Amino acid sequence: MMNFNDEIFKNLCVVSAPSGAGKTSLIKKISKKNNIIVSISQTTRKPRVGEKDGEDYFFVDNEVFQENIKKEAYLEYAFVHENYYGTLIDSVVNLIEKNLLVILEIDFQGAEIIKQKLPSSRNIFILPPSLSELEKRLRDRGTDEEDVILRRLENAKLEISMAKNYDYIIVNDDFSRAEEKLLKFISDKDMVIQEEIRKEPLIDNDF
Ligand code: 5GP
């Protein structure tokens, strides 16, 4: 087992965003082309249409999740939008040992835990251009019921207020521009990029 302060965790990057900010599509796009892999979390959430077990998440029931908490199997876990989500220690360590750039697509609570446990890791927050644009994207994707959309929008306000604590901020107003930034930031293992460039200012501040 490696030491959690190990420099090797420079290869670990947390990416957070409110749902609808485009995080998953951006990460899918960059991970295909590069030596980048996304760790697959466990969740008690039910699969959405089109989601596959072992690809999007490992879908588990509450009993399994609680058992794993007791066994201390998670590097971090959190209760998000009324479901549990957690990152398994073993899967992260396996990927890191393969010398890949590993992405954890997790919420701000998980991001804080990872920063404490693995200080050499980095974290990136992806912002939508505005709250109204976020609402539009959530509705257009058509995967969630109205009450879920409203809950996610409420949560988005809280999540967005956490962006300032991240090492990097990207505003996803244009997909290819955001993709380019994400790749650049993920590869900035020694954090040599200056703060003004690392943290993009908001465009349309209706948050
Ligand atoms: P969704 O249900 O839309 O896939 O994800 C809801 C939220 O849970 C997103 O903010 C996502 O980043 C977060 N999430 C997914 N997996 C994990 C995890 O393993 N740990 C934590 N803390 N959050 C996660």
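Extension gain for residue 46 to residue 180 (0.36 nm times residue separation, less C-alpha to C-alpha distance): 45.0 nm.
Find how much the distance from residue 58 to residue 6 grows on full extension, using 0.36 nm per residue of separation minus their present alpha carbon separation; answer in nm with one decimal.
Working: separation 52, 0.36 × 52 = 18.72 nm, distance 2.73 nm.
Additional length available on full extension: 16.0 nm.
If you wrap the tightest convex hull around every Cα atom of the stretch 43-121 and split its volume per residue, you get 103 Å³.
Fully extending the segment from residue 158 to residue 79 would add 27.0 nm, taking 0.36 nm per residue of separation and subtracting the current Cα-Cα distance.
Of all aspartates and glutamates in the structure, the ones whose alpha carbon falls short of 14 Å from that of residue 33, not counting any fewer than 8 places away in one chain, are 179, 180. Shown in residue order for the stretch 43-48 are the 3J(HN,Hα) couplings computed by the Karplus curve 6.51 cos²θ - 1.76 cosθ + 1.60 at θ = phi - 60°: 9, 8, 5, 6, x, 7 Hz (x for Gly and Pro). For the stretch 131-207, the tally of Lys pairs with Cα-Cα distances below 17 Å comes to 6, considering only residues 8 or more apart or on different chains. Where is the GNM fluctuation largest for the chain (alpha-carbon springs, 10 angstrom cutoff): 18, 128, 47? Evaluated over the chain, the most mobile residue of the options is 47.
Per residue of the chain, the DSSP helices (runs of n ≥ 4 H) give a summed -39500 (n - 2.57) that works out to -11500 deg cm²/dmol at 222 nm. Label-to-label distance for residue 165 and residue 140 is 3.1 nm, based on points extended 7 Å past Cα in the beta-carbon direction.
Dividing the mean sequence gap of close Cα pairs (under 8 Å, 6+ apart) by how many residues the chain holds gives a relative contact order of 30 percent. First obtain the Kirkwood hydrodynamic radius of the chain from its Cα pairs, then insert it into the Stokes-Einstein equation at 4 °C and 1.567 mPa s, and state the resulting D in µm² per second as a whole number. Reported coefficient: 74 µm²/s. Comparing Cα centroids, the stretch 128-154 and the stretch 58-92 end up 26 angstrom apart. Working note: Karplus 6.51/-1.76/1.60 with θ = phi - 60° gives the stretch 193-201 the couplings 5, 5, 4, 4, 8, 5, 10, 6, x Hz, where Gly and Pro are set to x. At 7 Å along Cα-to-Cβ for each site, give me the label-to-label distance between residue 32 and residue 66 in nm. It works out to 4.1 nm between the two label points.
Read the figures in this text as sums done on the coordinates, not as results from a lab. What you see is a predicted model, and the numbers here were worked out from it, not measured in a lab. Positions of Cβ are generated from backbone atoms using ideal geometry, with glycine treated the same way; all protein chains shown enter the neighbour counts.
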